Amino acid sequence: MDKMITLSDGSEIKAGLTGPPGAPVFMLPVAKASVYGQEADHLRLWGVDPELGEHFADGLRDKFQVLYFDYEGHRLHQPNPLDLTASSIAQDLLTIADKMNVSKFSYYGYSWLALAGLQLAIRTDRLESLVMGGFPPLDGPYTEMLIVTNHTFQMALNQPAPVDPVEQEATTPEATDWDNIQIQMVPEQTRQFVTLYESLSDFRDHDIQHLLVMPRLAFAGEQDKIVYGDNFGGVTVDIAGKLLARQSLLEQLGWEVAILKGDNMDHTKAMQPENVLPVLKPWLIRHVLRES
């Protein structure tokens, strides 16, 4: 069942619900639409599953109803530069649940959609569980990401029209000059992420942990560390390092923590369904279905 849903800014997003009726609902806002051909080949070069959303839904819908949509893709196509705040994102997520007639649900987000899940969890009592991938629940890199997004926005303002990455010759992670990489987004797209991190400038994740009473899982790839060049503010975003440094405290607070291991298990690789589902699904079964 697919439906077009109007969000807080008036834009419309497509959402779907699949899986056995009556089963617990799992919200999947990272469900990117499948792509094929040259675009799919380019994604594979970067270690990205071109059928990521479909593979996630396929892996979960035997046990769960999956409420799937591509919130990031939606915001890249219909940016909300001045009002993509933590509060407005949470409202969008609840609007989607309401319009799909879902009252209670589990949530999984990765990277900035993981921090969106944390913001959602402190604004509603409707979450049955929370899974954050690629963004730590304690000591999150909010300051660092505000610096990175501000620099990204300035580069988008000062460069010519962005290059379609599919049209670039032999673009691979190994061949990319990360200090001089050309931004692939227009100013409206980049400005909205500045807005998001500005809205979190006073947020203290230590102060809200007592509000989180649902089962919680946080994970990251063991090599999830990005060192940004001077063009992006010269900061380091060490997701795995922060998660490991706070693992003991997180577990005391009721979180389960998983570090995904493997060759080149970085931020991109640790978000692929083949790496996430072996951790995510058994955890959901234990904590949401409560099966042995």
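The values are calculated or read from the model by the stated rules, or taken from the named source; none is laboratory data. The shown structure was predicted, so the numbers you read here are calculated from the model rather than taken from an experiment. A quick note on method: Cβ atoms are made from the backbone with ideal geometry, for glycine too, and the neighbour counts reach across all protein chains shown.
Data for the structure
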{"quantity": "Hey, residue 123 modelled with pLDDT of 95 or more and in a loop (DSSP other than H, G, I, E, B) or not", "calculated": "yes"}
{"quantity": "Residue that is modelled with the highest pLDDT, among those in the stretch 76-86 that are in a helix (DSSP H, G or I) and under 16 Å from the mean Cα position of the chain (by Cα)", "calculated": "86"}
{"quantity": "Selection count, the stretch 101-141, where residues are under 19 Å from residue 9 (Cβ atoms) and either crowded, with 20+ Cβ neighbours inside 10 Å or in contact (Cβ under 8 Å) with a residue 40 or more places away in the chain (or both)", "calculated": "5"}
{"quantity": "Selection from the stretch 1-45 of residues that are modelled with pLDDT of 90 or more and small (Gly, Ala, Ser)", "calculated": "8, 10, 11, 15, 16, 19, 22, 23"}
{"quantity": "Residue count, the stretch 252-292 (criterion: of a type in the set (D, E, K, R), closer than 13 Å to residue 221 by Cβ and surrounded by fewer than 19 Cβ atoms within 10 Å (Cβ to Cβ))", "calculated": "3"}
{"quantity": "Matching entry among 63, 32 (being buried (at least 18 other Cβ atoms within 10 Å of the Cβ), touching an Asp or Glu at 6+ places or on another chain (Cβ under 6 Å) and of a type outside the set (S, T, N, Q))", "calculated": "32"}
{"quantity": "Hey, residue 48 part of a loop (DSSP other than H, G, I, E, B), at pLDDT below 95 and crowded, with 16+ Cβ neighbours inside 10 Å or not", "calculated": "yes"}
{"quantity": "Filter result for the condition that a residue is in a helix (DSSP H, G or I) and under 21 Å from residue 201 (Cβ atoms), over 96, 147", "calculated": "147"}
